[in-house]
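Step one of this worksheet: look at the structure below.
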Amino acid sequence: QVHLVESGGGLVQPGGSLRLSCAASGGTISSYGMGWFRQRPGKEDEFVAFISWSGNSTLYGLSVKGRFTISRDRAQNTVDLQMNSLKPEDTAVYYCGRKEKGSFFSRSSYNPWGQGTQVTVSS
């Protein structure tokens, strides 16, 4: 059974950058689309980004488009999220998930999920 682990979160100043990584073990994610979601304090889950199994197609949430980039290394079984020009409103727990079926933008379409990594953007 696939197990996902996110890493790379931390505290960063506004305007800074972070790179999150999602590593899979116990199985492969190479033939699946993968997504990143986030949960901000007091807010519902928010779609951040999606990448197709091949890596040729990507989707981004409106609030991060142009600042975040999703990528994957199929050989390494990892999916990364490069986050640039970070804003305080990007503060959230970020989760990666394996896309199964359904809407790209719904967290219920993804399974399994990692435990999340905290990103805090503050001066």
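Within the set Glu6, Glu89, the sole residue that is among the acidic types (Asp, Glu) and in a strand (DSSP E or B) turns out to be Glu6. On the stretch given as the range 53-69, residues that are of a type in the set (A, V, I, L, M, F, W, C) and either touching a His at 6+ places or on another chain (Cβ under 6 Å) or open to solvent by less than 40 Å² (accessible area, probe 1.4 Å) (or both) total 2. The set of residues from the range 94-123 being of a type in the set (A, V, I, L, M, F, W, C) and buried (at least 18 other Cβ atoms within 10 Å of the Cβ) comprises Cys96, Val119, Val121. Restricted to the range 9-31, and to residues there that are at pLDDT 95 or above and part of a loop (DSSP other than H, G, I, E, B), the residue that is surrounded by the most Cβ atoms within 10 Å (Cβ to Cβ) is Gly9. Of the residues making up the range 32-41, those that are out of contact with any Gly (no Cβ under 6 Å at 6 or more places or on another chain) and surrounded by 21 or more Cβ atoms within 10 Å (Cβ to Cβ) are Gly33, Met34, Trp36, Phe37, Arg38.
The values are calculated or read from the model by the stated rules, or taken from the named source; none is laboratory data. Predicted, not measured: the structure shown is a model, and the values here were computed from it. Cβ: placed from backbone, ideal geometry, glycine included. Neighbour counts: every protein chain shown. Please note that ligands, DNA and RNA were not included when accessible areas were found on the heavy atoms of the full protein model with its side chains. Shrake-Rupley method; radii C 1.70, N 1.55, O 1.52, S 1.80 Å.
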